[in-house]
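The values are calculated or read from the model by the stated rules, or taken from the named source; none is laboratory data. What you see is a predicted model; the values in this text were computed from it and never measured. Note that we place each Cβ from the backbone using ideal geometry, even for glycine, and neighbour counts take in every protein chain shown. The accessibility values were calculated without ligands, DNA or RNA, using every heavy atom of the protein model including side chains. Shrake-Rupley method; radii C 1.70, N 1.55, O 1.52, S 1.80 Å.
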Amino acid sequence: MDIPLYLKAIILGILEGATEFLPVSSTGHLIIANDLLAFTGEQAKTFDIFIQLGAICAIIWHYRARIGQVCASLFSDPAAFRFAINVFIGFLPAALLGLALHKTIKAQLFNPITVAGALIIGGLVILVIESRRRTHRVEKVDDMTWHIALKIGFAQSLALFPGVSRAGATIMGGLLTGMSRSVATEFSFFLAIPTMFAATFYDLYKNLDILRPGDFEILATGFVAAFFSAWLVIRALLAFVARHSFKAFAWYRILFGSMVLIYFLSTAGLTISL
């Protein structure tokens, strides 16, 4: 048993769960963590994809009662049907654009410099949005219209650019359409379920040839770590946004993005000099 490898799996799983639903970009954190832990290559890419499933399952577990109620009354309760349709509409833009641009994004944009830039710019955008005076027109997820869901769906598609943060894009999109912070955050969680399932299974399908039977225990370790850390973060974030703005996350993004940029630029300079 490779103890250091299992420890890396736990650390990365916790990091994925802790950052996936915060507006801080899990991609940016995993890129630098993988580099610092010397956990890179094809196995690391597959691992990073797989542990997202743990984070998704945490949402499903947290909202299991609501999801069960919607499924049970989908065709008998207009509110449940409208909710499901809104989630589907919000999912479509990122799904269609992701299919069309997947190869280009993976080949051209998945690098530390672009991620760091997206982290910094995203932080500045959050500060601007949070500084605006807003009127809350949507106080419950059930009050959403399909127009609002579509706008948030297009906002979510911005997260196809690595480092933008899916959670950050959807929550900020929700705020701009008149949602309260709590409702925007909650809808971001629900929208994550089909979006992340689709993206994760698509990536796993494209990388089936890389998976090996011996990888199962490492993948399972990361999955469990991601599940529990994500579950704790979901509960904490809902409590946090009820009383605070997202400005703290914006400043964190700017600081972390700057650190990522300095780290990888200095590493690249050292490599060239050597």
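Some observations on this one:
- Taking every DSSP helix (H) stretch of at least 4 residues in the chain, weighting each as -39,500 (n - 2.57) and dividing the sum by the residue count yields a mean residue ellipticity at 222 nm of -26000 deg cm²/dmol.
- Annotation: for a label point projected 7 angstrom from Cα along Cα→Cβ of TYR6, residues of the range 14-47 with backbone N closer than 17 Å are 14.
- Computed with a 1.4 Å probe over protein heavy atoms only, the accessible area of ASP143 comes to about 80 Å².
- Compactness index (Cα Rg / 2.2 N^0.38 Å), the chain: 1.00
- Take the chain with all the other protein chains still there, run a 1.4 Å probe, and you get 49 Å² of accessible area per residue.
- Accessible area of SER258 in the full protein assembly, 1.4 Å probe (Å², nearest 10): 40 Å²
- Extension gain (nm, one decimal) between ALA239 and ILE105, 0.36 nm per residue minus Cα-Cα: 44.8 nm
- Dipole of the range 1-141, positive end: most advanced residue of ALA116, SER131, GLY13 [Cβ charges, Cα centre]: SER131
- Tally of Lys pairs whose C-alpha atoms are under 26 Å apart, taken over the chain, 8 or more apart or cross-chain: 13
- Measuring r between the beta carbons of ASP209 and PHE88 and using R0 = 45 Å, the FRET efficiency lands at 0.90.
- In the complete set of protein chains, residue-level accessible area for GLU42 is approximately 90 Å², probe 1.4 angstrom.
- Within the accessible area of the chain (1.4 Å probe), percent carbon and sulfur: 70 percent
- Accessible-area rank, largest first, for ARG134, ARG166, ARG243: ARG243, ARG134, ARG166, with all protein chains present and a 1.4 angstrom probe.
- Approximate spin-label separation PHE154-SER73, in nm, with each point projected 7 Å along Cα-to-Cβ: 3.3 nm
- Length released on extending from ALA198 to ASP142, taking residue separation times 0.36 nm less the Cα-Cα span: 17.8 nm
- Among SER73, SER165, SER182, the largest mean-square fluctuation in a Gaussian network model of the chain, built with springs joining Cα atoms closer than 10 Å, belongs to SER73.
- Calculated from backbone phi, Karplus (6.51, -1.76, 1.60) coupling profile of the range 87-94 in Hz, x at Gly/Pro: 5, 5, 5, x, 6, 4, x, 5
- Here's the picture: charge each Lys and Arg Cβ at +1 and each Asp and Glu Cβ at -1 in the range 125-220, and of PHE187, THR177, ALA159 the one pushed furthest to the positive end of that dipole is THR177.
- The slack in the chain from ARG64 to SER266, taken as 0.36 nm per residue of separation less the alpha-carbon distance, amounts to 68.1 nm.
- ³J(HN,Hα), Karplus 6.51/-1.76/1.60, whole Hz, each residue of the range 134-147, x for Gly, Pro: 10, 10, 7, 9, 10, 9, 9, 4, 5, 8, 5, 9, 5, 5
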